[in-house]
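> The structure follows.
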Amino acid sequence: MKENITVLGSLNYDFLVKQERMPEKGETYTGEELIELSGGKGANQAAQCGKLGLNTYMIGKVGQDQYGTIMIDSLKENHVNTSYLQKAHTRSGMSFVHVMPDGEYYSTILKGANFELTTKDVDEAEDVIKQSKIMIFQLENPIPIIEYAMAKAKENGCYVVLNAAPAKTITQEMYDYIDCLIVNESEASFYCSQKVDTIEEAKKAGRTLHDLFNSLVIVTLGKNGSIAFDGNQEYFQPAQKVKSVDTTGAGDAYTSAIAYGIYHQFDIQKSMAFATEVSAIAVTKDGGHSSFPKIEDVMEKI
Ligand code: RIB
C-alpha cells in the first residue's frame, strides 16, 4: 500500500531583510531587521506536508556547512524523514530575500548544493519513491535530474505534482509526466506566453496550459485567489482576507495543501479551499517552516 508523499527539491538557507522599500540603482539602503530561516521551495513544501500530518520524505542535497545541519534539523522537527538528504562538497543553497511592509518580497537564490543533486541520489531513494502515492517537484534543481526523478515517479505509479517555480524551460518529456501543474501569475505567463494579471486572464491561461500539459492546472493569483482547469470544468477560489506579514513560502504552503487534498481524494474545489486556508495562515507570520500551519490549526477554521 502506497502511503508516502515525497518531495524532491531544494533546501535554501534564507536571509530575510525587512525593509521599507527596495534601493534605487547605485543607492545603499538601510534595512530594518534580518531574519534567518530554513527555506527553499522543496524543503518548505516538505515541511508543510509534514505539518499537515502526511508521511513525508524529502530527496535533496545540502552542503557540509552549519546551514545544512540547521536545515536538516528543521525538517526533522516538522516530521519529515530526512534519510534521503545527501551532503555535497559545496556550500548549501541560499536565498537572499527583501521583504516589503505589505509582505511582498524580492528574492535571489544561490544554487549551491541543490545543483549537485545526481541521478545516483535519486536511485538511492528508489525504495521510498516506490512507496509514494504522490511526488512533488519544483525547479530549483538541475532540470535533467528532475526529469529523471519524474520518470521514476511515473514508472512507480506516483501522482506527479510540479510547482513550476522559478519559471524555466522544461523538457517535453516532463510535460508528459505531470499530473498537476501549479504556477503563479508570472510563471503562468512564462509558460503560455501571454499576460496573466487578472482572474479572466488566469482562466484563459489555465486552458492554454491544460492544452500544453494535459494535466490539472492551478494558477494562483495572490490576493485575487486561485483558478483551476481540469480539461472539463473551471474552478475559482477567492483568497482569504488576512493581514499579510510575509508572503515568502505562501506558494509552497499552497502546493503542499493541494497535494494533501489529492492524497485524501478531496474534489478540486475542496482542495483549493483547503490550500487557500493553509496559505492564508502562512502569510500572517514571518516566513519559514514555523509560519506553516499544522493540520489542527487549519481544521479549526474550515
Ligand atoms: O518559495 C519561497 C522560497 O523560495 C524561499 O524559502 C527561498 O529559499 C526560495 O527558494
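The values are calculated or read from the model by the stated rules, or taken from the named source; none is laboratory data. The structure displayed is predicted, hence computed values, not measured ones. Glycine gets a Cβ as well: all are built from the backbone with ideal geometry, and neighbour counts include every protein chain shown. Note: accessible area is taken over every heavy atom of the protein model, side chains too, but ligands, DNA and RNA are not part of it. Shrake-Rupley method; radii C 1.70, N 1.55, O 1.52, S 1.80 Å.
> Apply 1/(1 + (r/R0)^6) to the Cβ-Cβ distance of ASP102 and ASP127, taking R0 = 45 Å, and write down the FRET efficiency to the nearest 0.05. Walk me through the intermediate numbers first.
Numbers: r = 45 Å, r/R0 = 1.00.
Between ASP102 and ASP127 the formula returns 0.50.
> For the chain, report the translational diffusion coefficient in µm²/s to the nearest whole number, using Stokes-Einstein at 37 °C, 0.692 mPa s, and a Kirkwood Rh over Cα pairs.
Values: Rh = 19.0 Å.
For these conditions, the coefficient is 172 µm²/s.
> Ok, one more. About its Cα centre, how strong a charge dipole does the stretch 208-287 have in debye, to the nearest 20, once Lys and Arg get +1 and Asp and Glu get -1 at the Cβ? Don't skip to the answer; put the middle values down first.
Working: 5 positive and 8 negative charges, 63 e Å.
That gives a dipole near 300 debye.
> Mind putting a number on the dipole of the chain about its Cα centre? Charges go on the C-beta only, +1 for Lys and Arg and -1 for Asp and Glu, and I need it in Debye to the nearest 20. It would help to have the intermediate numbers written out before the result.
On the way: 28 positive and 41 negative charges, 43 e Å.
In total the dipole reaches around 200 debye.
> Under 30 Å Cα to Cα from LYS241, which lysines show up? Leave out anything in the same chain fewer than 8 places away.
Cross-link targets: LYS18, LYS41, LYS51, LYS195, LYS203, LYS204, LYS223, LYS270, LYS285, LYS294, LYS301.
> Which order do the peptides 82-91, 168-177, 32-41 come out in when sorted by mean C-beta neighbours inside 10 angstrom, highest first?
Numbers: 82-91: 16.8, 168-177: 14.6, 32-41: 19.5.
Order by mean packing, descending: 32-41, 82-91, 168-177.
> With n ≥ 4 as the cut-off for DSSP H runs, can you work out [θ] at 222 nm for the chain, using -39500 (n - 2.57) per run divided by the number of residues, rounded to the nearest 500? Walk me through the numbers before you get to the answer.
Numbers: 11 runs with 110 residues, N = 302.
After summing the helix terms and dividing by the residues of the chain, the value is -10500 deg cm²/dmol.
> Next question, about the same structure. If ligands, DNA and RNA are left out, what is the accessible area of TYR263 with a 1.4 Å probe, given in Å² to the nearest 10?
TYR263 has an accessible surface of roughly 40 Å² with all protein chains in place.
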